[in-house]
Amino acid sequence: MLCATCSPERLQSLLIPTDSWKPFPPAADRGAWETLLQAPLNQARRDAVFKLAEEYLATPWPLLPAALAMDFGRTGNRMHFEKPYFARRQRLGIYVLAECFEHQGRFLDAIADALWAISEETAWSIPAHLPNISKELLPPAGQGLVDLFAAETAHVLAEACFLLGAELDGVTPVIRQRIHQEIRQRVIEPVETREFGWFSGENNWAPWCASNVLGAAFYTLDDASRIAALTHRLLKVNDRFLAHQSPDGGCDEGPMYWGVAGGALLIFLELLHSRSGGAISFYAEPLIREMGAYFAKVHLEGPWFAAFADAAARMQPRLPIVYRYGARTGSEPLRALALLAERQWDSAAAPTPVLSQGMCGGDLSSNLRELFWMPADNGPITPPARPADNWLPNLEVLVARTDAGPAPRGFTLAAKGGHNGENHNHNDIGQFILLFNGEPVIVDAGRGVYTRDTFSPRRYEAWFIRGSGHNAPVIGGVEQQAGANYAAAEVVHTATPAESRLALRLDGAYPEPAGLEQLRREITLRRTPEPAVIVEDRYVLRGAPRPVALNLLTPCAATSPEPGRVLLETGQGNVELCFPPEALELSQEDVVLTDEALQYAWGPHLTRLLFTQRAEGLKGAYALTFREGTQRIP
C-alpha cells in the first residue's frame with residue numbers, strides 16, 4: 001500500500017529539505033509560542049509544566065547503576081530499571097517544554113545535563129529486550145540493538161534538539177553534535193544496514209519502531225538521498241505490518257496496544273504528510289480508516305475499554321493520537337473520545353490533567369502533539385450518540401448496547417471469538433464483559449505488570465492470562481489452550497433493533513483431555529422494554545462425565561438473597577443475575593490483587609463467582625440472565 005506510490009526517487013523529489021522542515025514551531029519562534037499561550041488551557045498547561053520542572057530541579061537525577069541494570073537478569077523484575085529509565089526521559093521532556101514556554105535560559109543547563117546523561121547510557125534499549133541478558137546481565141557496549149525504547153529515545157532526543165537547537169548551540173554546539181552522533185550510531189545506521197525482528201511487521205513493534213526511527217532521521221539527517229532510502233526501507237516495514245491487518249481494522253493486541261500499533265502508524269503517516277507538505281497522504285485508504293475506527297468501537301464507557309489481550313480494562317488513551325486520527329479520517333467518534341478522555345469522561349468538565357503524562361519515555365513527543373494537534377478549548381463538549389452494535393467480523397469482537405444515546409445508560413456488552421494465538425494473547429475465546437450504567441459488572445481483569453515470565457514459556461501461569469482467569473467454561477479442570485489452532489468456530493453475529501446476538505462454538509479452543517464433543521455459547525443483549533443480557537452454554541462430552549465450572553469476575557459487592565439469584569451492586573444501580581439453581585451451584589471467593597496494574601483498574605480485590613454444574617452427565621446446558629435489579633442490597 002505505502003511503497004506502491006513512494007519509490008525512493010519519488011520520495012527524494014517530494015520530501016522537504018531538513019533545514020526547511022518545521023513540523024512544530026521551535027522555541028525561537030516566539031510568535032507561535034506566545035499565540036499558543038493566548039488560550040487559558042495552555043496557560044494552565046504552562047503553569048503545570050513549570051511546577052513539575054521546578055520539582056524536578058529540586059530532586060536528584062535518576063540513576064541507572066549497573067546493579068539496577070542487572071536486576072532484570074537476576075530477578076525478572078522489569079520495573080526496578082524501567083521506572084528511572086523512563087523518568088529520565090520524562091524529566092527531559094518537561095524541562096524542554098518549560099524552556100519553550102519561558103525562553104529565558106532557566107532550564108537549559110538541566111536540559112544539557114539530561115541530554116548528556118542519556119547519551120552516556122551504555123544502551124538505550126531496556127534489559128528486558130536484550131538477548132542473553134539473563135546470562136550476561138549487562139548490555140555489551142555498542143551492541144546496536146534498536147528496540148522500542150532505543151528508537152523512542154532517539155526520536156525524543158532529536159525532537160528536543162530541534163525545539164531548542166539555537167539555544168543549546170548558544171550554550172555549546174558540542175551537546176547537539178553529540179546527540180546527533182549518538183542517534184546516528186545507535187539507531188539510524190543499524191536500521192540502514194541490518195535487519196531486526198520488527199522488520200517482519202507482525203505486531204506493534206513495526207510501526208512503533210519505524211515511526212520513531214523515521215522521526216529521528218527526519219530531524220537529524222541532511223542527505224536527501226539517504227533520507228529517501230531510509231524512508232523507503234521503513235515504508236516496507238509498515239507495508240508488512242499492514243499486510244498482517246484484517247479488513248475490519250481490528251487490533252488483536254487489544255485497545256491499549258492500539259496506541260502504539262495503529263496509533264504509531266498515525267505518527268509515521270503524519271511525519272510523511274508533514275515532510276512532504278501534504279503530498280504524501282494515505283488517510284483515504286479504507287484499511288487506514290478502519291484501523292482508526294477500531295479504537296472508538298472497543299471503547300465501552302468512561303475509562304473502560306474491552307480489555308481483550310494485554311489491555312488494561314481502565315485506561316487513559318493517547319489523546320493527541322486519537323484526536324489527530326479522527327481529524328485526518330473524519331471520524332467524529334475518535335475526536336469526541338479524545339476530548340471526553342481529556343475531561344476525565346465528564347463532558348461538562350474542563351480538561352484535567354491539563355497535560356498527559358506517563359507515556360513511557362515519549363512524553364515530550366506526546367505533549368508536543370497535545371499542544372499543537374488538539375484544540376485548546378476548556379469548555380464543555382457535546383458527546384455523540386454511539387452505535388448500538390459494533391461488530392468486527394475478522395477480529396470477532398462485539399460491543400453492543402441496550403441504549404445507544406450519549407449517556408452511559410443500560411447494559412454495555414463486549415464479547416469475543418477469535419483464536420488463542422493472537423498477539424499478546426490471553427486464553428479468552430468466548431469471554432464477555434458487562435457494564436451497567438457505565439459501571440463494570442462482569443469484567444476481564446486485564447493485564448498485569450510485565451515481568452520476565454510475561455513473554456516466556458511461563459506466560460500462561462499468570463492467572464489473569466490463562467483460561468480459568470476468564471469466563472469460558474473449565475471442563476473437568478481443563479482450560480483453554482494457547483495457540484492459533486485453538487479457535488472459535490461457527491461464529492455468527494446477528495443484530496436487530498430488538499437484540500444483538502453472538503453465537504459461537506468454543507470446543508475447538510480446548511485440548512483433547514477436555515473430552516469435548518461440542519461446546520456452544522450464545523450471548524444475547526436484548527433491547528426490549530426490560531433489557532437483559534443472557535449467556536447460554538450447551539455442551540456435549542465424550543467418554544466419562546466431567547464437572548463443568550464457570551468463573552465470573554466482578555468488582556461489585558455480591559449477595560445471594562435466595563437460590564438462583566445474585567445481586568451485584570454498582571454505584572449506578574444494581575444488577576440482578578439469575579441462574580438455574582437446580583443446574584448450577586454457586587460459591588464466591590475474594591481475589592486479592594497484589595499486581596500494581598490490576599490494582600489501578602480494580603483496587604485491592606475482585607470477587608470470583610464460581611458456578612459449578614451440579615449433575616455430571618455427557619450433556620448439559622444452563623443460562624445466566626442479567627437484568628436491572630429491583631431489590632436493594634442490604
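The values are calculated or read from the model by the stated rules, or taken from the named source; none is laboratory data. In this text the structure is predicted, and so the values were computed from the model without any measurement. Cβ placement follows ideal geometry from the backbone for every residue including glycine, while neighbour counts extend to all protein chains displayed.
Total residues in the stretch 503-534 satisfying the condition of being in contact with a Ser or Thr (Cβ under 9 Å, 6 or more places away or on another chain) and part of a loop (DSSP other than H, G, I, E, B): the figure is 3. For the stretch 540-587, taking the residues that are among the polar types (S, T, N, Q) and over 20 Å from Arg627 (Cβ atoms), the one that is surrounded by the most Cβ atoms within 10 Å (Cβ to Cβ) is identified as Asn551.
Note on the stretch 130-141: residues that are over 28 Å from Gly259 (Cβ atoms) and in contact (Cβ under 8 Å) with a residue 24 or more places away in the chain total 5.
Results for (1) among the aliphatic types (A, V, I, L, M); (2) closer than 30 Å to Cys161 by Cβ; (3) assigned by TED's automatic domain parsing to the domain that holds Ser246; (4) in contact with an Asp or Glu (Cβ under 7 Å, 6 or more places away or on another chain), shown as yes or no for each residue.
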| residue | (1), (2), (3), (4) |
| --- | --- |
| Gly292 | no, no, yes, no |
| Val298 | yes, no, yes, no |
| Ala313 | yes, no, yes, yes |
| Gln316 | no, yes, yes, no |
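In the stretch 1-120, counting only helices (runs of 4 or more DSSP H) that sit wholly within it, the ones holding 1 or more residues that are among the small types (Gly, Ala, Ser), under 22 Å from Trp373 (Cβ atoms) and at pLDDT 95 or above span 30-36, 40-57, 79-102. Candidates in the stretch 180-193 are the residues that are of a type in the set (A, V, I, L, M) and under 15 Å from Thr18 (Cβ atoms); of these, the one that is surrounded by the most Cβ atoms within 10 Å (Cβ to Cβ) is Ile183.
Report whether or not Asn425 is of a type in the set (S, T, N, Q) and under 21 Å from Pro333 (Cα atoms).
Values: of a type in the set (S, T, N, Q): yes; under 21 Å from Pro333 (Cα atoms): no.
No; evaluated as a whole, the condition is false for this residue.
Among the residues of the stretch 361-385, the one identified as at pLDDT 90 or above, in a loop (DSSP other than H, G, I, E, B), surrounded by fewer than 23 Cβ atoms within 10 Å (Cβ to Cβ) and not aliphatic (A, V, I, L, M) is Pro375. Which residues, counting only those in the stretch 69-127, are within 19 Å of Pro25 (Cβ to Cβ), surrounded by fewer than 23 Cβ atoms within 10 Å (Cβ to Cβ) and of a type in the set (A, V, I, L, M, F, W, C)? Within the stretch 69-127, Leu108 is the sole residue that qualifies.
For the stretch 604-626, give me each residue that is free of Cβ contacts under 8 Å to residues at least 60 places away in the same chain and among the aliphatic types (A, V, I, L, M). Lay out the reasoning, then the answer.
First, the residues of the stretch 604-626 that are free of Cβ contacts under 8 Å to residues at least 60 places away in the same chain: 604-605, 607-609, 614-615.
The answer is Leu609, Ala615.
May I ask you to say which residue of Pro40, Pro8, Pro23 is out of contact with any helix residue (DSSP H, G or I) (no Cβ under 6 Å at 6 or more places or on another chain) and touching a residue at least 60 places away in the same chain (Cβ under 8 Å)? After applying the criteria, what remains is Pro40.
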